[in-house]
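Report on the following structure.
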Amino acid sequence: MAGSHPVLALAACGMYVGVAVACCFAVRNAMSHGSRRFWMVAGAFFFVLAVLRASGIEYAITDALREHLYREGAYESRREFQRPLAAGAFVLICAALYLFYLKRPAPKAGVRGWSKFWAMIAITVMAGVILMRLISFHELDRLLYGPVRMNWVLDIGSTLVVAASAVRFGKHRDASPSDRRRYPGSVH
């Protein structure tokens, strides 16, 4: 768990593994192939995050990039390419979130549709935070690691949203359209 405080890294690993397990619960209770695939990918994403955090690979990549820049004599001018990378990453994240907004479930889509929607949003935010940490742009670092620790807020918040969405998806069975017609007054 190189690169961060070992207790915090261990706690993050535990949270990520817990979310992966919650996603397995959602897979087990999914009724459609698309939902099963979504929750499998989400679970794999969080399992990989646990492995990356436990092994310190994310920090090793950042350190290797920094060392490469020192060797090439480009460390002092790194902001010239970090700035467009950070802007591009931010635009991609915003575009993904906007596309999710356009494809959001209908208001009466049910708990399962909304659970997947919020999990997709949270995973996108989580991927964006990881990308921003890898870019390691000074202005972004001030935001991520400043007094408010947006890094923790976004990381832990996104993780908890996916966990809650997976559990909620797994516990709730939305009625099929034919069930809704048969039992119009029932709560689904």
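The values are calculated or read from the model by the stated rules, or taken from the named source; none is laboratory data. Just so it is clear, the structure is predicted and the values come from calculations on it, not from any experiment. For neighbour counting, all protein chains shown are included, and Cβ atoms are generated from backbone atoms with ideal geometry for every residue, glycine included. Note: accessible area is taken over every heavy atom of the protein model, side chains too, but ligands, DNA and RNA are not part of it. Shrake-Rupley method; radii C 1.70, N 1.55, O 1.52, S 1.80 Å.
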About its Cα centre, what dipole magnitude does segment 24-171 give when the only charges are +1 on Lys and Arg Cβ and -1 on Asp and Glu Cβ, stated in debye to the nearest 20? 980 debye
Computed over segment 1-152: relative contact order in percent, which uses C-alpha pairs under 8 Å that are six or more apart: 21 percent
Counting only protein heavy atoms and a 1.4 Å probe, tell me what percentage of segment 19-138's accessible area is made up of carbon and sulfur. 70 percent
Sorted by packing (mean other beta-carbon atoms within 10 Å per residue), highest first, where do 67-74, 121-128, 33-40 land? 121-128, 33-40, 67-74
For segment 100-114, Karplus-derived ³J(HN,Hα) couplings (6.51, -1.76, 1.60; θ = phi - 60°; whole Hz; x for glycine and proline) come out as 4, 4, 5, 9, 4, x, 5, x, 9, 5, x, 4, 5, x, 6
Would you mind working out the accessible area per residue for segment 57-114, using a 1.4 Å probe, and quoting it in Å²? 73 Å²
May I ask you to derive the FRET efficiency for Val41 and Lys103 from their Cβ-Cβ distance with R0 = 22 Å, giving the value to the nearest 0.05? 0.85
Sequence gap at least 6, Cα distance under 8 Å: using those rules, report the relative contact order of segment 1-67 to the nearest whole percent. 45 percent
In order through segment 10-21: 3J(HN,Hα) via Karplus (6.51 cos²θ - 1.76 cosθ + 1.60), integer Hz, x for Gly, Pro: 5, 4, 5, 4, x, 5, 5, 5, x, 5, 4, 5
Please label the shape of segment 1-97 as rounded, prolate or oblate, based on the square roots a ≥ b ≥ c of the eigenvalues of the alpha-carbon gyration tensor (a/c under 1.5 means rounded; beyond that, a/b larger than b/c means prolate, else oblate). oblate
